[in-house]
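One structure is given below, encoded as structure tokens.
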């Protein structure tokens, strides 16, 4: 699947034209071209590389998978890798979609590894912000990064709500420990994956804004700075959430230990109370004469001793909050 667009002086000139026409549009001054390839073959990438003069190493990175988010600079163009993310709150899973992009002075080429990256949402952003279209490629790059960073920020916010729900669950009177462990492990796994794609975006956008790259002009620089600010917030909040999940897990273990200590304390207290009548009746059950042996007075004496000592221990432990 291939999509193309051509802008001239901020106006959409044509779209969905053949790749063979790209060079014709690039030969015209004031024209910016966007080319999108979804699951391209090696031959497609080779043809495009010959058409735009793309570096061989950048083409190899675009064909590969699981590249880290980065911005590589070459003599005639730059190469960008980024990830769109989406968090499913019901399933608790984080989905990522990899995107590679070639940035030339007059063209933006996006390479999607599959259709998981919603390129239609990027196109809608371009159509909604036509006042920036006169900038050409910076306008296209901004819309792309704005979509990526906004999706990452929304995923961070959704995970924040999940972490807050987990914290509330920890302090329930009778929390389900298996559910807590499963949810905390799943959140840590999602946050780890999110951290790998969110944190590098700060450096990627910061590099794009360097004057020598000539991607952020006077018109688009404030918009790039806004995207950079959102990327920084997402990265900082991701780190904070990882620490919160670790703290919640430690709190859960501490609460379990405290509950176990409380149970053991109560069991020990009751065992001490029960030991008193056991000791007294055991003493009176020996095969030797004792005061009151065989008389009602002996029975009532042993009963009184049992009651007094048992009630005394119960009152003492209750006062010390052992029972």
Given (1) modelled with pLDDT of 85 or more; (2) within 26 Å of the chain's Cα centre (by Cα); (3) loosely packed, with under 14 Cβ neighbours inside 10 Å, residue 231 misses just (3)
What do you reckon, is residue 11 within 25 Å of residue 133 (Cβ to Cβ), touching a residue at least 40 places away in the same chain (Cβ under 8 Å) and surrounded by 14 or more Cβ atoms within 10 Å (Cβ to Cβ)?
no
Residue check for residue 220: surrounded by 15 or more Cβ atoms within 10 Å (Cβ to Cβ), at pLDDT 75 or above, more than 28 Å from residue 168 (Cα to Cα) and in contact with a helix residue (DSSP H, G or I) (Cβ under 6 Å, 6 or more places away or on another chain)
yes
Might you check whether a residue that is within 28 Å of residue 129 (Cβ to Cβ), in the same structural domain as residue 65 (by TED's automatic domain parsing) and in a helix (DSSP H, G or I) occurs anywhere in region 238-250?
yes
Since residue 57 meets every condition but one in (1) modelled with pLDDT of 85 or more; (2) farther than 24 Å from residue 6 by Cα; (3) touching a helix residue (DSSP H, G or I) at 6+ places or on another chain (Cβ under 9 Å), which condition does it not meet?
(3)
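The values are calculated or read from the model by the stated rules, or taken from the named source; none is laboratory data. Since the structure is predicted, the reported quantities are computational estimates derived from the model, not experimental observations. Because the Cβ atoms are built from the backbone with ideal geometry, glycine has one as well, and the counts that use them run over all protein chains shown.
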